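Comments concern the structure below.
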Amino acid sequence: MVNTKQIEEKLVQRVAAILSTDAVKVKPETPLHTLGMDSLGFVELLVFIEKEFKIKLMESGLEREDFKTIRALAQRISKVNE
C-alpha cells in the first residue's frame, strides 16, 4: 500500500514534469494554479492519477477542493485507496 507521503512525492514529480520545472520548486502546499497549472496540465495530471493509482476518477468522489494543492490531493487519493 502506498502511503500519503509517497503519493505526494509522485504527484510532485509529475507536476514538475508537466510544468517543465525542477521538482524542488514544486511545494506540496502551494495551490496548483499558482504553480502555473493550466487546464491542459490538469487533464494530464488526471490521466496520471488514474493510471498510477488505479483510480476511476468518475467514481472516486474527488472534488474540486481536493485539487487545491498537491498535499490535499495526496491525502484524498490515500483515502480513496484505503
| remark: Within the stretch 1-54, residues among the basic types (K, R) and in a helix (DSSP H, G or I) come out as K5, K10, R14, K25, K51
| remark: Subset of the stretch 34-54, residues surrounded by 13 or more Cβ atoms within 10 Å (Cβ to Cβ) and not small (G, A, S), comes to L35, M37, F42, E44, L45, L46, F48, I49, E50, E52, F53
| message | Tell me whether the stretch 19-31 contains one or more residues that are modelled with pLDDT of 90 or more, on the phi > 0 side of the Ramachandran plot and surrounded by fewer than 13 Cβ atoms within 10 Å (Cβ to Cβ). | response | yes
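Residue by residue, here is whether (1) out of contact with any strand residue (DSSP E or B) (no Cβ under 8 Å at 6 or more places or on another chain); (2) modelled with pLDDT under 90; (3) among the hydrophobic types (A, V, I, L, M, F, W, C); (4) over 20 Å from A16 (Cβ atoms) holds:
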site	(1), (2), (3), (4)
T34	yes, no, no, no
L40	yes, no, yes, no
F48	yes, no, yes, no
E52	yes, no, no, no
K56	yes, yes, no, yes
R71	yes, no, no, no
Q75	yes, no, no, no
V80	yes, yes, yes, yes
| message | Restricting to the stretch 55-71, give me the number of residues that are in a helix (DSSP H, G or I) and surrounded by fewer than 17 Cβ atoms within 10 Å (Cβ to Cβ). | response | 5
| field | Scope the stretch 1-16; condition surrounded by 15 or more Cβ atoms within 10 Å (Cβ to Cβ) and more than 13 Å from S78 (Cα to Cα); matching residues | value | V12, R14, V15, A16
| said: Would you confirm whether or not the stretch 13-27 contains a residue that is in contact with a Gly (Cβ under 9 Å, 6 or more places away or on another chain) and in contact (Cβ under 8 Å) with a residue 40 or more places away in the chain? | reply: yes
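The values are calculated or read from the model by the stated rules, or taken from the named source; none is laboratory data. The structure presented is a predicted model; accordingly, all values stated were derived computationally and were not measured. Reconstructed Cβ throughout: ideal geometry from the backbone, glycine too, with neighbour counts over all protein chains shown.
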